[in-house]
Amino acid sequence: MNEQEKNNHLMRLASFFSVGTAFVLMIAKLATFVLTGSMAILSSLFDSVQDMLTSLVNLIAVREATTPADKEHRFGHGKAQALGGLIQSLIIIVASCILLKESIIRLMNPQELREVGLGLSVTILAIILTAGLISFQRLVVKRTQSLSIKADLAHYTGDIFMNIGVCVSIIISYYLKWCFMDALFGIFVALYLIYSISVVLKESLNMLMDKEISPQIRKEIKKTACSITGVYDCFDLKTRLSGNEMFAQFSVSLDDELSLKDAHEKTDIIEEKIHQKYPTMHLVIHPEPISQNKRGRTKHQYILNQSKNPKLPTT
């Protein structure tokens, strides 16, 4: 199993764990809300319902994104993750608006809580299960940089703090008789969810619009290419992200006298060097004679410039 296959397996596994965790918590919180009538529990239930929906969307997106390239999709299916992140964001925004409405209604008509012990027990269970899930998701995101898993991680991390807040809200509302705190917490959670998902929404749109990858990685690509002996320039660099895979294409200036075979060997060396840092990056490199360089510089000018600005050790 190669590196990409291992990453795909981790992404699918994280998606299954996410669906399972969300389903268990959704059932437990539904029963708890019926018995307690707590808006804090209802806000937590809304969050688990949207977790369940978004995790299912995420599971489908990851399955599609990890499907190998085929004749109709030569660049793979990585953008399915961006579509999944977009759908997740819309679901969370709609659910948060519903929760916000219900919380405002309860704020105007406070009600005393029931079965507080049960509500606290289920919330503590939710904290334990969610903590285990996000620990695994952090590992997967670190290994794969998956946008879909990152989206899941974002709102499950928020769940930890939200469930702690549920415990505090229930205790204050029940023991201090401040029933309005229960509704205020629901409002806070709704606003927090809308804010937290905005980052995922932005990243999803950026991927769908083929936004360039980070300036630091672009700089590394150029620096690595120009570190090779006989490579005088790296230009016309275009990059994009599709799922957890990066794509880059650029031109390099080489000696006019190089044969086609030698020019091909130079580009192979560049690919090998870049893949040492970014193993899964897809590269398209176009060799161009130095005399036809688009910047209008001569070979002598490049050599002079390189002597003033030392490069990486050459190969």
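The values are calculated or read from the model by the stated rules, or taken from the named source; none is laboratory data. As the structure is a computational prediction, the values presented were derived from the model and not from experiment. When we count neighbours, we look across all protein chains shown, and the Cβ atoms used for this are built from the backbone with ideal geometry, even at glycine. For accessibility, only protein heavy atoms count, side chains too; no ligands or nucleic acids. Shrake-Rupley method; radii C 1.70, N 1.55, O 1.52, S 1.80 Å.
What do you reckon, is ILE221 in contact with a strand residue (DSSP E or B) (Cβ under 9 Å, 6 or more places away or on another chain) and open to solvent by less than 10 Å² (accessible area, probe 1.4 Å)? So ILE221 passes the test. Only one entry in LEU241, LEU208, LEU193 is surrounded by fewer than 16 Cβ atoms within 10 Å (Cβ to Cβ) and either within 19 Å of the chain's Cα centre (by Cα) or at pLDDT 90 or above (or both), namely LEU208. Per the listing PHE180, PHE247, PHE235, the residue uniquely closer than 30 Å to ALA40 by Cα, hydrophobic (A, V, I, L, M, F, W, C) and either surrounded by 14 or more Cβ atoms within 10 Å (Cβ to Cβ) or touching a helix residue (DSSP H, G or I) at 6+ places or on another chain (Cβ under 8 Å) (or both) is PHE180. For region 276-289, the set of residues classified as modelled with pLDDT of 85 or more and either surrounded by 15 or more Cβ atoms within 10 Å (Cβ to Cβ) or in contact with a strand residue (DSSP E or B) (Cβ under 8 Å, 6 or more places away or on another chain) (or both) consists of TYR278, MET281, HIS282, LEU283, VAL284, ILE285, HIS286, PRO287, GLU288, PRO289, listed by residue number.
Which residue is nearest to ASP51 (Cα to Cα), if the candidates are limited to region 107-142 and must be surrounded by 15 or more Cβ atoms within 10 Å (Cβ to Cβ) and modelled with pLDDT under 80? Residue satisfying both the conditions and the ranking: GLY119. Which one of these does SER214 not meet: (1) buried (at least 21 other Cβ atoms within 10 Å of the Cβ); (2) under 18 Å from the mean Cα position of the chain (by Cα); (3) of a type in the set (Gly, Ala, Ser); (4) over 30 Å from GLU102 (Cβ atoms)? All conditions are met except number (1).
Would you pick out the residues in region 128-177 that are part of a helix (DSSP H, G or I) and small (Gly, Ala, Ser)? Answer for region 128-177, where residues must be part of a helix (DSSP H, G or I) and small (Gly, Ala, Ser): ALA131, GLY132, SER135, SER148, ALA151, ALA154, GLY158, GLY165, SER169, SER173.
Mind listing whichever residues of region 170-206 are farther than 29 Å from LEU90 by Cα and of a type in the set (Gly, Ala, Ser)? Of everything in region 170-206, just one residue is farther than 29 Å from LEU90 by Cα and of a type in the set (Gly, Ala, Ser), namely SER173. Among the residues of region 156-169, what is the count of those that are under 12 Å from SER43 (Cα atoms) and of a type in the set (Val, Ile, Thr)? Of the residues in region 156-169, 1 are under 12 Å from SER43 (Cα atoms) and of a type in the set (Val, Ile, Thr).
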